[in-house]
Amino acid sequence: MGRLTGDPLPRNIDRTYSPDTFRPCPENPTPPRLVTCPLHNTDATDDPDLLPIDQQPIAITSNPRGQIALLTWGEQGQGKIFLLKSDGKHLTTPIELQGAIYPYSLGWVSPDQLAVLVPYPIDTSEEALVYRLPSLDAWPEQGAEPASLYPTGNFFPVKTIFEGHYTTD
């Protein structure tokens, strides 16, 4: 996971300029940079702000405010949500999504609600479970008792879902 910063070069960069034309040096003072952050704990690290080694990243989404949510599976396929903290380098503690076994996609419905696609128990491709997330101020602290969320009771209609498959060939 990482954050892309900077600006791409303008489209007219290949233009030839007159020797009398002022040009910046360097040509692009803020080139694109990808700043990666470690995602998983390893045997050598035990950082509580990183993803536990037993969690498998499944999906990631960003809302218009730039808040990043990461969907993971545990050993039994239980869905959990992590948010990327405002420092852009650390994850919040996980919140378990009740009723979301092997969720495979998510998206923001509003600034504080996530829709999650699950193959079971609703077994339909026309609706997604919706969860209301607590604000970052109310998010469980490190070391607190594990938190869980229940669906709001609303189902979010899904217009179309990609039904193809990916191959590694």
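Readers should treat all values here as calculations from the given coordinates under stated rules, not as data from a laboratory. Worth saying up front: this structure is predicted, and the values here are computed from it rather than measured. Cβ sites come from the backbone with ideal geometry, for glycine too, and all protein chains shown count toward neighbours.
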TODO: Name the residues whose placed amide hydrogens come within less than 5 Å of the amide hydrogen of ALA100, ignoring near sequence neighbours (fewer than 5 apart) on the same chain.
DONE: GLY79
TODO: Take PHE155, PHE22 and order them by how many other Cβ atoms sit within 10 Å, fewest up front.
DONE: PHE22, PHE155
Open item on the list: Given a Förster distance of 30 Å, report the FRET efficiency between GLU27 and ILE60 from their Cβ-Cβ distance, rounded to the nearest 0.05.
Closed with: 0.35
Task: FRET E, pair GLN98, LEU4, Förster distance 45 Å, beta-carbon r, rounded to 0.05 - done: 0.85
Task: Normalised alpha carbon radius of gyration of region 47-157 [divisor 2.2 N^0.38 Å] - done: 0.99
TODO: Go ahead and run the numbers for FRET between TYR150 and LEU34, Cβ-Cβ distance against an R0 of 25 Å, rounding to 0.05.
DONE: 0.10
TODO: Note the full-extension length gain between TRP139 and ASP20 as 0.36 nm times their separation in residues minus their Cα-Cα distance, in nm to one decimal.
DONE: 37.1 nm
